[in-house]
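Peer 1: Take this structure first; my questions come after.
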Amino acid sequence: MATTGENRKTTMRPRTELDLPLLLDRTVPEPLTTQLTRQLRATMRDGRLVAGERLPSSRALAATLGVSRTVVTETYQQLYAEGWLDGRHGSGTYVAGLTRTTEPEPPRTSTHPIPRDLVLQADTKYKITTESGDAVDLRPGVPWVGGLDNPAWRRAWRLAASVVPAARPDPYGLPGLRAALIDYVRRTRGIACTAEQVLVTRGATNGFDLLAATVLGPGDRVGVEEPGYGRARAVLAARGAEAVPCPVDEHGLIVDGLPDDLRVIYTTPSHQYPLGGVLPVPRRQALVAWARRTGALIAEDDYDSEFRYDVGPLPALYGLDPEVVVYLGTASKTLTPDVGVGWLVARPDLVEAIARRREEVSDRTPIVPQEAVRILVARGDLDRHVRRMRAEYARRRATIVDMLGGLALSGDSAGLHLVVRLPHADGDQIVRDADRDGVLLDPLERHFGGPATASGLVIGYGGARLRDIKRGCALIRSLISPS
Ligand SMILES: Cc1ncc(COP(=O)(O)O)c(C=O)c1O
């Protein structure tokens, strides 16, 4: 169904300032206005921004990018003059164009209230009993599932239950979900792709495993960040590949000196796991150049990219070179790992090979979660949830930074965890002491595949209530600097 220019404001979801993947570089001679104009023009030309989409206000975009408002207003004026933008006084700035297809309304269903005792009581779920009873869980890797107990979540699952099952599941995933994801990754991560490049997985780890099952043979060498994601190492061990530790620093993967014989490198550029670095652009460029030169593939795990605080968004690494990057997205952090839905974006021949391999090993994503996620994405409910959670996590993170001020904190600009570095190798001891007091902590040491070369605590703030986070931080302070 086509919409007219008049009604499109109500049918298009407004683009928030945080969703525009733009990057301004003050170290190059090109003026900021020219850079911004060029990048916005490119996003409209290649379809990452589509006709009718609303751009952020000049004030909001200037704040996000950390530039003066004049840079943005001059950019918008230039793009108006070129006919790329369209706007009416007081009603916002839109990508110019006449028509756009709207999202079909989901079927109407009855809305009988769900009995209270059947509604997910999510926030009790991650409490684990220790010696001292109910524990406060400050380990990383879990989102705030308490935030999901809302009508949009329940409606999506109710509607999803009516999806017609296929006798022969599509190994690429539900076409409707793939279409919704194309729009989602374009808006949120600056990724331009078509349906043949998207495969629905059960999460980022499952996507990495499918890639490994497709392209790796026994003994193949695969780079893994060190310290890094233990499950990525476990996937490789299960597939008979060799995990090669690749050092990271506070900015993320150190690209200089990567071995030339790696078949794949697994990396987390938007928020290095667990240290939290955001991989700078020159390293991103060097990484794809390395992959081009050596023939390696880059597995980009974008697991918590939706959550950023003081920093503007960096587009996904995938956009730099879709030939060599395999993008792994997940709903595990934005919704919950219990949904079991993620997505993989790669070049078409690779996705086809993965889809074939997947059928051979009878791996698939169940249809009802796929349909539920499709509904949440297509209706804008996921975007709204992410915005709410961003605010919630920002509050928690600010509390931790405040309470642990003076300690060596890092990796707190994005994601759902941060790291407290400890000068001595006492992370394990502090974790044991905290456990006795009912606070579950995660030692940085655990994240090394080889011998740990740093000590610290990886503090997750997704799973605990704010008041429990405060209790945990007070305990951490007393354990690190006993009075
Ligand atoms: C580095 C990293 N990648 C991915 C994930 C999510 O994995 P999945 O999508 O398989 O649930 C997590 C969750 O903790 C993680 O820490």
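Per-residue answers, yes or no, for (1) within 16 Å of the ligand (Cβ to nearest atom); (2) assigned to a helix (DSSP H, G or I); (3) over 26 Å from residue 234 (Cβ atoms):
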| position | (1), (2), (3) |
| --- | --- |
| 147 | no, yes, yes |
| 155 | no, yes, yes |
| 164 | no, no, yes |
| 168 | no, no, yes |
| 176 | no, yes, yes |
| 183 | no, yes, yes |
| 200 | yes, no, no |
| 210 | yes, yes, no |
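Peer 1: Consider residue 245 carefully, then state whether it is out of contact with any Leu (no Cβ under 9 Å at 6 or more places or on another chain), free of Cβ contacts under 8 Å to residues at least 12 places away in the same chain and either under 18 Å from residue 314 (Cα atoms) or within 16 Å of the ligand (Cβ to nearest atom) (or both).
Peer 2: No: the conditions fail for residue 245.
Peer 1: Based on this model, can you work out whether residue 332 counts as among the small types (Gly, Ala, Ser), within 11 Å of the chain's Cα centre (by Cα), at pLDDT below 95 and within 16 Å of the ligand (Cβ to nearest atom)?
Peer 2: So residue 332 fails the test.
Peer 1: Right, another one. Mind checking whether some residue in the stretch 290-300 is touching a residue at least 12 places away in the same chain (Cβ under 8 Å), buried (at least 22 other Cβ atoms within 10 Å of the Cβ) and either within 14 Å of the ligand (Cβ to nearest atom) or basic (Lys, Arg) (or both)?
Peer 2: Yes; the residues of the stretch 290-300 include at least one that is touching a residue at least 12 places away in the same chain (Cβ under 8 Å), buried (at least 22 other Cβ atoms within 10 Å of the Cβ) and either within 14 Å of the ligand (Cβ to nearest atom) or basic (Lys, Arg) (or both).
Peer 1: Can you work out which of the residues in the stretch 141-159 that are over 17 Å from the mean Cα position of the chain (by Cα) and hydrophobic (A, V, I, L, M, F, W, C) is surrounded by the most Cβ atoms within 10 Å (Cβ to Cβ)?
Peer 2: Only one residue fits best here, namely 156.
Peer 1: Within the stretch 25-44, count every residue that is more than 25 Å from the chain's Cα centre (by Cα) and without any contact (Cβ under 8 Å) to a residue 24 or more places away in the chain.
Peer 2: Qualifying residue count, the stretch 25-44: 9.
Peer 1: Follow-up question, since we're still on this one. Inside the stretch 335-363, can you point out the residues that are in a helix (DSSP H, G or I), in contact (Cβ under 8 Å) with a residue 24 or more places away in the chain and more than 16 Å from the ligand (Cβ to nearest atom)?
Peer 2: Within the stretch 335-363, 348, 350, 351, 352, 353, 355, 356, 357, 359 qualify.
So that you can scan it fast, the table gives a plain yes or no per residue for (1) within 18 Å of residue 189 (Cα to Cα); (2) without any contact (Cβ under 8 Å) to a residue 12 or more places away in the chain; (3) part of a helix (DSSP H, G or I); (4) among the β-branched types (Val, Ile, Thr):
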{"site": "262", "(1), (2), (3), (4)": "no, no, no, no"}
{"site": "269", "(1), (2), (3), (4)": "yes, no, no, no"}
{"site": "287", "(1), (2), (3), (4)": "no, no, yes, no"}
{"site": "312", "(1), (2), (3), (4)": "yes, no, no, no"}
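Peer 1: Then there is this: Checking the structure you have, find out if any residue of the stretch 248-256 is of a type outside the set (Lys, Arg), at positive phi and in contact with a helix residue (DSSP H, G or I) (Cβ under 8 Å, 6 or more places away or on another chain).
Peer 2: yes
Peer 1: Related question: May I ask you to say which residue of 276, 228, 223 is part of a loop (DSSP other than H, G, I, E, B), farther than 28 Å from residue 26 by Cα and within 16 Å of the ligand (Cβ to nearest atom)?
Peer 2: One residue alone meets the criteria, 228.
Peer 1: Also, quick follow-up: Taking into account only those residues within the stretch 309-329 that are touching a Ser or Thr at 6+ places or on another chain (Cβ under 9 Å), more than 16 Å from the ligand (Cβ to nearest atom) and of a type outside the set (A, V, I, L, M), which is modelled with the highest pLDDT?
Peer 2: This residue is 309.
The values are calculated or read from the model by the stated rules, or taken from the named source; none is laboratory data. Treat the numbers as computed from the prediction; the structure is a model and nothing was measured. Backbone-built Cβ (ideal geometry, glycine too); neighbour counts: all protein chains shown.
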